[in-house]
């Protein structure tokens, strides 16, 4: 109980150094309530497995090859998962030794040295299976080590949520999701989430911190019986107790925690550096807003696949009210959802922390608003790993969206000397163009704390990733924190021109034709059954699917989904069509060779002629969302009569067939191009007239200035108009 007592009453605060990097975050309804908190602790037990390696050493000259000098196999018979506990007093690892723990179920392994073993509190990661191999690896040297294994902690089983006052309606409407910002918090069985503070730390519920030990990302589906499956060790991070600030959970509207984690022991990277995305906090929870999204690792009840138990799931429901620092919303949750972010879908900002059940026809599930005073105080005064010290200098630079193509782009950088002088000549811009290797260029001093960084000239459409590095007394500072794994990026373009952005919450003008027995194209939520997608692609809820009723696959056909006629005559010539597709065919999965396919076609003359973009079978990313991008001018002319259609069939009806389409987008880049400068010499002269005349005479569609797909007098008139306007 020592840890619980430490954090249950008083907020822990940092010293004066914390104030230097305190991040401006955001702010909260407080009512006494008997509503239940929503943690779901692991069912776990200890299995005696005490083993003593005795003194360990590998003689020889330093620098030789690493060898295994000790190994032991440990077992917790029948367990679904297990982890090793080492004796903290007796175990010692010199600098030339490390541990390797391997699951004999899936061969996932973890490496621990003396430092990371302390960070893991002399425990291993969570491993799948009941049998673990522990090895000591060493390089030759004078170090003498000693490893004492105390016991295994293990567990398995399925905890089924009763759903009492927590599911806000007759059915559990949560769907699997994959938000990289959300983690499962073990062994307490809660949710934690990355925020955009100085060190990319976590928020969760205060009542989740009594045994908060490990956060894990990329959590796999649970077993068919509902038993949880652990993430790979490289996706697990140990909680830093010294960073924990929590009130232990004092009821609705007064239940919060703020903490960080140590780097992963194998990758050496922080959770923020690997995940790369973070929630932004609202300055305060609103008193009224639209829908609320809750994403977390709740348990499941009847009517929901057990494979979804305590995996990441998400749901959208209406906001109810803010009362003091308590907030409520009619969004489905269950045990394991405690600590989830309360997201305002309208703004995309986190407005609170989900903590308690309580849903009814008039009330909602409950949380603590982000503007709770003690929570705000903790965010302003981070401690432990959430308070990385500023060593020497502080760097500020803009996170650009767009940069002008075709010419070098400069921007300002501020470097403040906080605790020591900037090393002369050390400030550099690092940039990577179009995914290439990073290059560097020195910053130009403008006087005082102001500097100038410059990108080279970029082609329109290229993406540049960048960060700045400088040193003080040889101590390195990088902005943004975590770069280059986490960096800023910008697109070379004057503007992004979006012609179509369809998330299929509605589908005006789209038509479905064809004769099917069942399962033709329709708008709906994918149900994840028998090869269908478990959720839509863009997170908006709906997609076009082949049958939205549970278990309804396509039979017969073809069924044809056709877009409305699209006027793309004014879209930039570099326009790109993108869409997400899902295709599943159980005969093809089994290698039987079913010939049914999903065919995607495009036309620029309202369907008189169709061009095939792709013919999709199971081998082309089957049973998974695949986002496709096509440069449209490679296949059609950008006319006022463009259409796209998606055709799929199961005819003869001899397989389970599922298809889905989502996120239909057409956009191009405004690159400041001057179409009238056909000869490309940068000036409008008589030679552009001659080049236009030549293209027109040869039937070259570069002369199709009115974009109707044919060359007529109107193209001359449009060319003359653009020439007279100038560039």
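The values are calculated or read from the model by the stated rules, or taken from the named source; none is laboratory data. Here the structure is a predicted model, which is why all the values come from computation and not from measurement. Cβ atoms come from the backbone with ideal geometry, glycine included; neighbour counts cover every protein chain shown.
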Worksheet item: Of the conditions (1) touching a helix residue (DSSP H, G or I) at 6+ places or on another chain (Cβ under 9 Å); (2) at pLDDT below 95, residue 368 fails just one. Which one is it?
Response: (2)
Worksheet item: Using beta carbons and a limit of 8 Å, which pairs, at least six apart or on different chains, have the first residue in the range 107-128 and on the phi > 0 side of the Ramachandran plot and the second one in a loop (DSSP other than H, G, I, E, B)?
Response: 121/88; 121/213; 122/87; 122/88; 122/91
Response to the item:
Those residues of the range 396-421 that are over 30 Å from residue 461 (Cα atoms) and surrounded by fewer than 20 Cβ atoms within 10 Å (Cβ to Cβ) come to a total of 6
Fill in: Within the range 561-587, tally of residues that are surrounded by fewer than 23 Cβ atoms within 10 Å (Cβ to Cβ) and in contact with a helix residue (DSSP H, G or I) (Cβ under 6 Å, 6 or more places away or on another chain)
2
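Every residue, every condition in (1) within 29 Å of residue 116 (Cβ to Cβ); (2) surrounded by 18 or more Cβ atoms within 10 Å (Cβ to Cβ), yes or no:
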position	(1), (2)
260	yes, yes
264	yes, yes
287	no, no
300	no, yes
303	no, no
321	no, no
342	no, yes
350	no, yes
359	no, yes
Discussion item. Exactly one of these conditions fails for residue 171: (1) over 18 Å from residue 242 (Cα atoms); (2) crowded, with 23+ Cβ neighbours inside 10 Å. Give me its number.
Written reply: (2)
Discussion item. Tally up the residues in the range 425-440 that are more than 16 Å from residue 491 (Cα to Cα), in contact with a strand residue (DSSP E or B) (Cβ under 9 Å, 6 or more places away or on another chain) and in a loop (DSSP other than H, G, I, E, B), please.
Written reply: 4
Fill in: Total residues in the range 691-714, condition at pLDDT 85 or above and closer than 12 Å to residue 569 by Cβ
1
Worksheet item: Is it the case that some residue within the range 181-192 is modelled with pLDDT of 95 or more, in the same structural domain as residue 359 (by TED's automatic domain parsing), surrounded by fewer than 24 Cβ atoms within 10 Å (Cβ to Cβ) and over 30 Å from residue 52 (Cα atoms)?
Response: yes
Item to complete: Of the numbered conditions (1) at pLDDT below 95; (2) in the same structural domain as residue 251 (by TED's automatic domain parsing); (3) within 27 Å of residue 219 (Cβ to Cβ), residue 327 fails exactly one; give the number of that condition.
Response: (1)
Worksheet item: Only one of (1) at pLDDT below 95; (2) crowded, with 20+ Cβ neighbours inside 10 Å; (3) more than 26 Å from residue 474 (Cβ to Cβ) is not met by residue 393, so which one is it?
Response: (3)
Discussion item. Tell me yes or no: at least one residue of the range 627-639 is modelled with pLDDT of 90 or more and touching a helix residue (DSSP H, G or I) at 6+ places or on another chain (Cβ under 8 Å).
Written reply: yes
